[in-house]
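The values are calculated or read from the model by the stated rules, or taken from the named source; none is laboratory data. Bear in mind that the values here come from a model prediction, so they are computed numbers and not experimental data. Ideal geometry is used to build each Cβ from the backbone, glycine not excepted, and the neighbour counts take in all protein chains shown. Each accessible area value is taken on the protein alone, full model and side chains, heavy atoms only, with ligands, DNA and RNA left out. Shrake-Rupley method; radii C 1.70, N 1.55, O 1.52, S 1.80 Å.
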Amino acid sequence: VDHLQQSNTKRDLLYGTSACNRYHSRTITSIIKAPTNLSSRCYLFHHPHDLASLNPFSAARMVTTMANIAGALSVALLVTTMIPFTLDNNSQAHAFIVTSRNTEHGVHPLRMMDDDRNSDDRDDSNDDAISRRSLFLKAPVAVGGAVIYGKLVSDSIQKLTRGDLVFPDDHERRVASTIATAFANCIPAASDGRPLRVLEVGIGKDLRVLRRNLYNDGFRKLENAGVTSVQLVGADLSPPSDAILADAKQRVGKQLQQSNSGVQVDIQVLQTSIESMPTFADGSFDCIVCCLTLCSVSNPQAAVMEMKRLLRPQGGTLAFVEHVAVNQDESYPILRAQQQVFDPLQQIVADNCHLRRETDRTVAEVFGNATRWLAQERFVVDGMWPVSCQTCGVLQTILI
């Protein structure tokens, strides 16, 4: 509250968390009403874990769902309004036609008339006529709904295609911590002077994770462990431009220089499918990073199997952050319904992105018993709808 007063920040809700285990009671332990000099109401909730009982989809996402439904219906309304009614001359159908018949009460704007099949003089244009009044009333509503629907879809596409470098803090914080945990546990006992080898699958044409400096915590972990050289290889079907690659190298180098780090990082990017990378031998990498990638590959099982093959068989680590389907036992029924509705459209407009994949289960099944989990979490990032439900984890290979 003090921070909000000082910064004059206007928020409707401020969510806080406690150090309790996420499976503890979901009772809100305290509600503190903010001072009245704040322009918006602010409540501070202490809660065992983020957004568990304060379901954001019960209100905010409900509005979004209603807007999407209204937009879709409006689009259909616009289409049906603009398509003229065509009548067969031999049918018994009726049609709405516009008349301008003057009466003592004025002009009749709309009148329903029987189709005169025996009239040879009927104007053929009446067959395709539609109500101008109906069009006047329906068209603005339809166009407005279509605009709303298009805005929602375009916003989702922009987020899912990773067009923006900046993602919500709840997401980026977990990416950074997941990579740092993987780096800290992948250092080989005997490196023989070779650089630590890292592979980022689906690195993206914007190199977002690198350019957002989300590797920095991991580089510090390596430096503290005495690692001085890192070879980072990125793999993607859509590689970045030379300018973006140069920018990423410059940002990483600048951050390492500012922190007086002794780690040297060599960055390379290859244009290749992550489902099959025969260029590399088995066990080529000490650590593999996968961020928002397995949602869009054609065969996620094959991609994870290839990661398993490329990972060092003893002590190698896999760090992943992916959006996933909402489980039936999770308290987000509206988001789950939205995933079901929009999944087909999402695959079309967002480069084969699937909203309902169970990526964490796929990773666990492919790696099997030859691993141990160092970290694993499921969480919700409301600012990344419709890919709000996410999972992150770090697993380490072990020899059985």
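Table for the structure above
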| item | result |
| --- | --- |
| Any hit, the stretch 161-169, residues being touching a helix residue (DSSP H, G or I) at 6+ places or on another chain (Cβ under 9 Å), without any contact (Cβ under 8 Å) to a residue 24 or more places away in the chain, part of a loop (DSSP other than H, G, I, E, B) and open to solvent by 10 Å² or more (accessible area, probe 1.4 Å) | yes |
| Residue that is nearest to residue 171 (Cα to Cα) [pool: residues in the stretch 386-400 that are hydroxyl-bearing (Ser, Thr, Tyr) and not in a loop (DSSP other than H, G, I, E, B)] | 391 |
| Matching residues, the stretch 212-230, being without any contact (Cβ under 8 Å) to a residue 40 or more places away in the chain and open to solvent by 40 Å² or more (accessible area, probe 1.4 Å) | 224, 226, 228, 229 |
| Filter result (within 13 Å of residue 322 (Cα to Cα), aliphatic (A, V, I, L, M) and open to solvent by 10 Å² or more (accessible area, probe 1.4 Å)) within the stretch 278-303 | 292, 297 |
| Subset of the stretch 328-378 (residues that are surrounded by fewer than 20 Cβ atoms within 10 Å (Cβ to Cβ), touching a strand residue (DSSP E or B) at 6+ places or on another chain (Cβ under 7 Å) and in a loop (DSSP other than H, G, I, E, B)) | 370 |
| Test result for residue 321, open to solvent by less than 20 Å² (accessible area, probe 1.4 Å) and in contact (Cβ under 8 Å) with a residue 24 or more places away in the chain | yes |
| Segments classed as helices (runs of 4 or more DSSP H), wholly inside the stretch 196-279, with at least 3 members that are among the polar types (S, T, N, Q) | 242-258 |
| So residue 306, is it open to solvent by less than 10 Å² (accessible area, probe 1.4 Å) and not in a loop (DSSP other than H, G, I, E, B) | no |
| Any chance residue 189 is of a type outside the set (Ser, Thr, Tyr), touching a residue at least 40 places away in the same chain (Cβ under 8 Å), open to solvent by less than 40 Å² (accessible area, probe 1.4 Å) and on the phi < 0 side of the Ramachandran plot | no |
| The lone exception for residue 192 - which of (1) under 22 Å from residue 262 (Cα atoms); (2) touching a strand residue (DSSP E or B) at 6+ places or on another chain (Cβ under 8 Å) it fails | (2) |
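To keep it simple, each residue is scored yes or no on (1) within 26 Å of the chain's Cα centre (by Cα); (2) surrounded by 13 or more Cβ atoms within 10 Å (Cβ to Cβ); (3) farther than 30 Å from residue 308 by Cβ.
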{"site": "234", "(1), (2), (3)": "yes, yes, no"}
{"site": "246", "(1), (2), (3)": "no, no, yes"}
{"site": "253", "(1), (2), (3)": "no, yes, yes"}
{"site": "258", "(1), (2), (3)": "no, no, yes"}
{"site": "270", "(1), (2), (3)": "yes, yes, no"}
{"site": "274", "(1), (2), (3)": "yes, yes, no"}
